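Asker: Dumping the structure here so I can ask a few things about it.
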Amino acid sequence: MSAAGVTLVDMSTLQHPPSVATTGPATGAAGTGSDGPLADPVFAERYRAMSAKDARFDGQFITGVHTTGIYCRPSCPAVTPKPGNVTFYLTAAAAHEAGLRACKRCLPDAVPGSPEWNVRDDLAARAMRLIADGTVEREGVPGLARRLGYTPRHLNRVLTAELGAGPLALARAHRAQTARLLLTGSDLPITDVAFAAGFSSVRQFNETMAEVYRLTPGAIRTAARRSPAAAHREPGTVTLSLRLPARAPFDGASVLGFLAARAIDGMEVAGADASQDGVGYARALRLPHGPAVVRLTLTGTSESPAVQCDASLADVADLAPLVARVRRLLDLDADAEAIDAALAADPALAPSVAASPGLRVPGAVDAEEIVFRALIGQQVSVAAARTALTRLTDALGEPIDLPVPGGGTLTRLFPTAAAIAERGREVLRGPSRRIDAIVGAAAALADGRLSINVGESRDDLERRLMELPGIGPWTAGYVALRVLGSPDILLTGDLALRQGAARLGLPGDARGLAEYGARWAPWRSYAVLHLWRA
């Protein structure tokens, strides 16, 4: 597609994106040839997007300017640097490793994250998903490597080659970004900000912020463009408010509507009860250090959409994983522009894309919860599944006592796998084989035979799920779609999906739809949403 005279590319189509992107002054192919660095097609595409100040690329790559020693988002309003002075990076950590600091004018980390970590399913992408969830802070690099199935040395080697920085540097950059979000978005005491962001000491926090931003934490807070929201402390609780940017276009109402239709009473609330304007969603969730309650409402503009996230946490150290999981729940980082352009190329989907630009794939804040939602919801209506899940949560869910931001009452967390394995048969209703499948999956999760997290590859996750009795391709695919955010899953075993396809004049049988749907790759998960809407 083109805009402002610049040819754009879908970054996800780059099968092997450059590890530290393409450089200008460095030696090698990028710096040779009659056109200098512009002879490299990837560098040239990114340079044109940067020259056009194209905000659609914000978060997808970072511009490092070596003459000034700063790194910027592609849409930074500063004067366009010469190609020979530019390096493009895939991560802020790689820019930090190169000795660059964040631009104070464009705030390159105050943008949606890269959609690449969901599009890709390789080791680097899976590591980035776990790092964003705070795995390094909780388990260290050995724990991160163990979850991914590699040695720490091999993991460090791969991430440095692919992303320009190792796991410690990547986690450090993520901590700095979380801290800046807290400093500019709340009045939480600076010492609390340090530990909430995952730093082990205030000294480490101060040194990192000064190195990355060339400002003290207090100066970052003072320079914030808007007044910070209040962070209220009650015994055992911290309540704060944050603004999470989304990549435009963003059909936030649709993804909140999807969650609302499946809301479990006592654990979730949606619509008028969750927001003063009737467009909102609130829920209780389990985080690594304790429970939390979050209320999500839409804000911003169509050009710069955002989600207001008001949260009450039992432990402020859970803020970083909370933000990461909310972003995944609402698919805030998806490259909606590229997705819509690809799907609209099919005349059968074009009217739906035009009517609902920026549809998002609903994600998950609790991976195990999605397994039970899928098992209980298969072959029954949404309303029937909601009733069964509410009964299960009422009986086996852990009670909580946290204030709901803005008012209201949420009383329970979703049951743990251990609770369902022990007492699920007392509560579950329906065919014995389905109950056996649900309790069997719960037992496998509880005793560690099955583990599900965002660091899984899609193929491994689906294979291990289908090894369990009673779990077939639809359930495994639905879990991968929701938990991993996999963008290219077509649930051809879904009856409603096939009915929607038939209404659009597409093949209504599973095999025919699978063959036809190949043209929607790599965005078949988003095509699923349009077929469901039909």
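Asker: By accessible area of protein heavy atoms, probe 1.4 Å, what ranking do Met466, Met128, Met50 get, highest first?
Answerer: Heavy-atom accessible area, descending, gives Met466, Met128, Met50.
Asker: Once the Cα atoms of helix 152-163 and of the chain are each reduced to a long axis, what angle between those two axes, in degrees from 0 to 90 to the nearest 10, is obtained?
Answerer: Compared with the principal axis, the helix lies near 60 degrees.
Asker: Between Pro347, Leu313, Gln378, whose Cα lies farthest towards the positive end of the dipole of the range 244-386 when Lys and Arg beta carbons carry +1 and Asp and Glu beta carbons carry -1, centred on the Cα centre?
Answerer: Sorting the options by dipole projection puts first Gln378.
Asker: Given the C-alpha centroids of the range 348-426 and the range 103-176, what is the distance between them in whole angstrom?
Answerer: First find each Cα centre; the distance between them is then 28 Å.
Asker: What figure, in Å² to the nearest 10, do you get for the accessible area of Ser525 with a 1.4 Å probe and non-protein molecules left out?
Answerer: 0
Asker: Same structure, new question: Measure nothing fancy, just the Cα-based angle from helix 319-329's long axis to the longest principal axis of the chain, in degrees from 0 to 90, nearest 10.
Answerer: Its long axis makes an angle of about 70 degrees.
Asker: Skip the ligands, DNA and RNA, and give the accessible area per residue of the chain with a 1.4 Å probe, whole Å².
Answerer: Here the residues of the chain average 40 Å² of exposed surface.
Asker: I'd like the FRET efficiency for His154 and Arg105, computed as 1/(1 + (r/R0)^6) with the beta carbon distance as r and R0 of 45 Å, rounded to 0.05.
Answerer: Values: r = 39 Å, r/R0 = 0.86.
E(calc), rounded to 0.05, equals 0.70.
Asker: Follow-up. Of Val119, Val193, which has the most accessible area and how do the rest follow, probe 1.4 Å?
Answerer: Working: Val119 40, Val193 0 Å².
My answer, sorted largest first, is Val119, Val193.
Asker: Tell me the label-point distance for the pair Arg511, Asp436, using the 7 Å Cα-to-Cβ offset, in nm and rounded to one decimal.
Answerer: If labels sit at Arg511 and Asp436, their model points lie 3.0 nm apart.
Asker: Could you state how much accessible area Arg138 has, in square angstrom rounded to the nearest 10, with a 1.4 Å probe and all protein chains kept in place?
Answerer: For Arg138, solvent-accessible area is about 80 Å².
Asker: Next up: Tell me, what % of the accessible area of the range 392-534 is carbon and sulfur with a 1.4 angstrom probe?
Answerer: Details: 3080 of 6380 Å².
About 48 percent, which is the carbon plus sulfur part of the accessible surface.
Asker: What does the extension gain come out to for Gln204 and Glu422, with contour length at 0.36 nm per residue minus their alpha carbon separation?
Answerer: Working it through step by step, the gained length comes to 74.0 nm.
Asker: If you check each cysteine of the chain for another cysteine whose beta-carbon is under 4.7 Å away, which ones come up empty?
Answerer: Flagged as lacking a Cys partner: Cys309.
Asker: Now for a separate question. Helix 382-396 versus the longest principal axis of the chain: what is the Cα-based angle in degrees, 0 to 90, to the nearest 10?
Answerer: 90
Asker: Based on the Cβ-Cβ distance of Arg138 and Thr222, what FRET efficiency does E = 1/(1 + (r/R0)^6) give at R0 = 41 Å, to the nearest 0.05?
Answerer: Working: r = 32 Å, r/R0 = 0.77.
It comes to 0.85.
Asker: Once neighbouring chains are kept in place and the probe is 1.4 Å, which whole percent of the accessible area of the range 82-205 is contributed by carbon and sulfur?
Answerer: Of all accessible area on the range 82-205, carbon and sulfur atoms account for 52 percent.
Asker: In sequence order, what are the phi-derived ³J(HN,Hα) couplings for the range 195-206 according to the Karplus relation 6.51 cos²θ - 1.76 cosθ + 1.60 with θ = phi - 60°, rounded to whole Hz, with x for glycine and proline?
Answerer: 7, 5, 7, x, 6, 7, 7, 5, 4, 4, 4, 4
Asker: Leu504 to Thr387: FRET efficiency via 1/(1 + (r/R0)^6), r the Cβ-Cβ distance, R0 45 Å, to the nearest 0.05? Mind showing how you got there, number by number?
Answerer: Values: r = 31 Å, r/R0 = 0.68.
Plugging the Cβ-Cβ distance into 1/(1 + (r/R0)^6) gives 0.90.
Asker: Size of the dipole of the chain about the Cα centre, Lys and Arg at +1 and Asp and Glu at -1 on the beta carbon, nothing else charged, in debye to 20?
Answerer: 340
Asker: Over the chain, what is the relative contact order in percent, taking alpha-carbon pairs closer than 8 angstrom and at least six residues apart?
Answerer: Details: 988 pairs, mean separation 58.3, N = 534.
The value is 11 percent.
The values are calculated or read from the model by the stated rules, or taken from the named source; none is laboratory data. No experiment lies behind these values; they were computed from the predicted model shown. For neighbour counting, all protein chains shown are included, and Cβ atoms are generated from backbone atoms with ideal geometry for every residue, glycine included. Please note that ligands, DNA and RNA were not included when accessible areas were found on the heavy atoms of the full protein model with its side chains. Shrake-Rupley method; radii C 1.70, N 1.55, O 1.52, S 1.80 Å.
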